[in-house]
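In what follows, a structure is listed as structure tokens, so that the remarks can point back to it.
The values are calculated or read from the model by the stated rules, or taken from the named source; none is laboratory data. These numbers were taken from a predicted model, which means no experiment stands behind them. Because the Cβ atoms are built from the backbone with ideal geometry, glycine has one as well, and the counts that use them run over all protein chains shown. Side chains included, ligands, DNA and RNA excluded: accessible areas come from the protein's heavy atoms. Shrake-Rupley method; radii C 1.70, N 1.55, O 1.52, S 1.80 Å.
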Amino acid sequence: ARLAELRAFMAAAQPHHEYGLSLKSLADRLQLPPAELSRTINSAFGQIFNDFINERRVEACKSALLDPANAHLTLIAIAESCGFNSKSTFNRAFKKFTGQSPREFMQANRPED
């Protein structure tokens, strides 16, 4: 039940887009003890909280980077809109979860002219 609640909340509220999201703040919103939320994330996803959140941020960034409506935005503006608060954290997380830098990802996924 906890996992279903977490999945539904993440999909609906998208808290990963918020700066400064913490295990405690997410647990409070789910009305769970932080330790229980941490255990749920760890057992269901095999990740620590920060990786769980950053992977969702990276997925949001991938969509935003490929959206032609965002062509006028800088990489860091897109990263910030997805919840990252530093360029280095964004680049590190992006590479960890995609195996590519954001620029490599964009070049590899650019539509053919």
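Structure above, values below:
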item: When residues of region 76-90 are limited to those that are in a helix (DSSP H, G or I) and touching a Cys at 6+ places or on another chain (Cβ under 9 Å), the one nearest to His17 (Cα to Cα); result: Ser81
item: Enumeration of residues in region 1-35 that are touching a residue at least 40 places away in the same chain (Cβ under 8 Å), assigned to a helix (DSSP H, G or I) and within 14 Å of the chain's Cα centre (by Cα); result: Met10, His16, His17
item: Residue under evaluation Arg92, criteria (1) at pLDDT 95 or above; (2) touching a Lys or Arg at 6+ places or on another chain (Cβ under 9 Å), criterion not met; result: (2)
item: Enumeration of residues in region 1-21 that are aromatic (Phe, Trp, Tyr) and exposed (fewer than 10 other Cβ atoms within 10 Å of the Cβ); result: Tyr19
item: Flag if Ser38 is loosely packed, with under 13 Cβ neighbours inside 10 Å, part of a helix (DSSP H, G or I) and at negative phi; result: no
item: Qualifying residue in region 95-107 (condition: hydrophobic (A, V, I, L, M, F, W, C), free of Cβ contacts under 8 Å to residues at least 40 places away in the same chain and either surrounded by 13 or more Cβ atoms within 10 Å (Cβ to Cβ) or assigned to a helix (DSSP H, G or I) (or both)); result: no
item: Region 41-82 - residue that is of a type in the set (Gly, Ala, Ser) and open to solvent by 60 Å² or more (accessible area, probe 1.4 Å) and, of those, modelled with the lowest pLDDT; result: Ala71
item: Qualifying positions in region 24-35 - over 14 Å from Arg56 (Cβ atoms) and surrounded by 12 or more Cβ atoms within 10 Å (Cβ to Cβ); result: Lys24, Ser25, Ala27, Asp28, Arg29, Leu30, Leu32, Pro33, Pro34
